[in-house]
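The values are calculated or read from the model by the stated rules, or taken from the named source; none is laboratory data. Remember, predicted model here, so these are calculated numbers, not experimental data. No Cβ is skipped: glycine too gets one built from the backbone with ideal geometry, and neighbour counts run over all protein chains shown.
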Amino acid sequence: NVLILDFGSQYTQLIARRVRELNIFCEIFPYNNFPQDLSSFKAVILSGSPFSTRADDAPHPDLSQIRGKMPLLAVCYGAQYLAHFDGGEVGASSTREYGRANLSFIKDGEPFFANVPANSQVWMSHSDTIKKLPTGGIRLASTHDVENAAYKIEGETTYAIQFHPEVYHSTDGKQMLENFLVNIAEVPQNFTPNAFVEEIVSELQQKIGDDKVVLGLSGGVDSTVAAVLLNKAIGKNLYCIFVNNGLLRKNEFESVLHQYKDMGLNVKGVDASDRFLSQLAGIDDPETKRKTIGRVFIEVFDDEAHLLTDVKFLAQGTIYPDVIESVSVKGPSATIKSHHNVGGLPDFMKLQVVEPLRMLFKDEVRRVGATLGIDPELLGRHPFPGPGLSIRILGDITKEKVRILQDVDAIFIDGLKSWGLYDKVWQAGAILLPVNSVGVMGDERTYEKVVALRAVESTDGMTADWVHLPYDFLMKISNEIINKVKGVNRVVYDISSKPPATIEWE
Ligand code: XMP
């Protein structure tokens, strides 16, 4: 187990992901709130930071329990921090050190750089530089502009690097992390999907015992994997509820429900389409749509949960990025979703929470899902927003508009699949615009709806590029939509990236 101390760098999560790629378990803690008992940790990594270590309000944690007592790797700010407070000197660099650089000097025979070729490319991102190494510091590497690009402390397993090994532009960064964690710190590489499943299943069994658990399935990857894990742990004491809000993709409710049953899950499908659509009638503001759907979902779920007796736990498919966000250096973030203030909590939200995936990144959830034998097609599904098609129908929502959009979306998504494009796209869907346009069909003038198609590439939804889908594909899909979907006479393709646009239109 590796401890990553976060000083607020945008790259901290990436460090954790690279460490996990080595099958080594790690946890991120904010520098100002980490466990006192460090006995379960075999090594510590200090992250970078937007701060200058010379600033008064910069993170200056007490590392006396760590430094010299266990293997320590200090990255960027961390490297400066160790220098600044222990006999070294940190100052503003004369040139801005940002972007690619090459290690023009690497100390011979240094295990940290084993299997790293001469001139290896690294990624720099800092405005301060280490002018003088700390007491006991031995220079291990330099670039053209940065003399002290890496150092270690004599007599300790303390290593410090100015560049970012976690960023892909640092070509041998993963090798260096492996050298440090596996060869120097001797951390076992035992965090595999199988090991995770075994451990979490026995943990869940201990925590839950013979009690009942309720879980809301969404058709998405996270809730599905959470359900299958819990099913493995406690079987029929897991009660899954899958709500149809009437805003899912075409035939999705029926087909996914069927799949869930085939997987042996104890699942109840609740078709609440009319309840959602009637509450949404006449609402055209995007945030009001979201709030309405959130509220109705809670009402429906609470009604269903009340039909069950003696339920003690509520299971959720929370994953690690959400957890990190809620304990970040900046404090609990304002973006954390909460539909209710504590006073008005519905009963099911007062249950004890179990979150079997709370330590996993999305790609790890997929791998665990594969280990559990979940259909790869289900695991490879594009992300789909909780409010579903409601935020892809611009303006107010009616049953007829949902029908039109479902038909258009199905042609687009099926087309992507049959052309072998689905897995090359991170997310795709169609948007029903609140405008009519003039067209001509046969000899008749038409005045019908316009739909936009959207397909993006992304890794986490934070930034996204529109996908250059083949013209032939777009031509075929456009024809098919206009010919088959009554009420649509024009198709456009969205060529905006995020930022400045967003993925969804609302
Ligand atoms: P945007 O439109 O913000 O979307 O670029 C980024 C990602 O988030 C999804 N999204 C949502 N997911 N509830 C959700 O569960 C929402 O209200 C919501 N809004 C956007 C969007 O589909 C994309 O994957």
Residue in the stretch 448-457 that is more than 15 Å from the ligand (Cβ to nearest atom), without any contact (Cβ under 8 Å) to a residue 60 or more places away in the chain and acidic (Asp, Glu) present: yes
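So that you can scan it fast, the table gives a plain yes or no per residue for (1) away from the ligand (no atom under 16 Å from the Cβ); (2) closer than 30 Å to residue 313 by Cα; (3) touching a Lys or Arg at 6+ places or on another chain (Cβ under 6 Å):
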| position | (1), (2), (3) |
| --- | --- |
| 351 | yes, yes, no |
| 380 | no, yes, no |
| 383 | no, yes, no |
| 395 | yes, no, no |
| 402 | yes, no, no |
| 408 | yes, no, no |
| 431 | no, no, yes |
Among the candidates 331, 282, 246, 269, residue that is exposed (fewer than 14 other Cβ atoms within 10 Å of the Cβ) and at pLDDT 95 or above: 282
Hits in the stretch 167-186 (condition: more than 24 Å from residue 366 (Cβ to Cβ) and not polar (S, T, N, Q)): 169, 172, 176, 180, 182, 184, 185, 186
Count of the stretch 124-140 residues which are under 19 Å from residue 11 (Cβ atoms) and buried (at least 20 other Cβ atoms within 10 Å of the Cβ): 5
Subset of the stretch 192-236 (residues that are in contact (Cβ under 8 Å) with a residue 60 or more places away in the chain and not in a helix (DSSP H, G or I)): 192, 211, 212, 213, 214, 215, 216, 218, 219, 220
Top-ranked residue of the stretch 467-500 - restricted to ones that are within 12 Å of the ligand (Cβ to nearest atom) and either more than 20 Å from the chain's Cα centre (by Cα) or not in a loop (DSSP other than H, G, I, E, B) (or both), ranked as farthest from residue 416 (Cα to Cα): 500
Checking residue 420 against (1) away from the ligand (no atom under 16 Å from the Cβ); (2) farther than 25 Å from residue 283 by Cβ; (3) in contact with a helix residue (DSSP H, G or I) (Cβ under 9 Å, 6 or more places away or on another chain), the condition it does not meet: (3)
Residue, farthest from residue 325 (Cα to Cα), within the stretch 27-44, restricted to residues that are assigned to a loop (DSSP other than H, G, I, E, B) and in contact (Cβ under 8 Å) with a residue 40 or more places away in the chain: 42
Some residue of the stretch 23-42 being within 18 Å of residue 122 (Cα to Cα) and buried (at least 19 other Cβ atoms within 10 Å of the Cβ): no
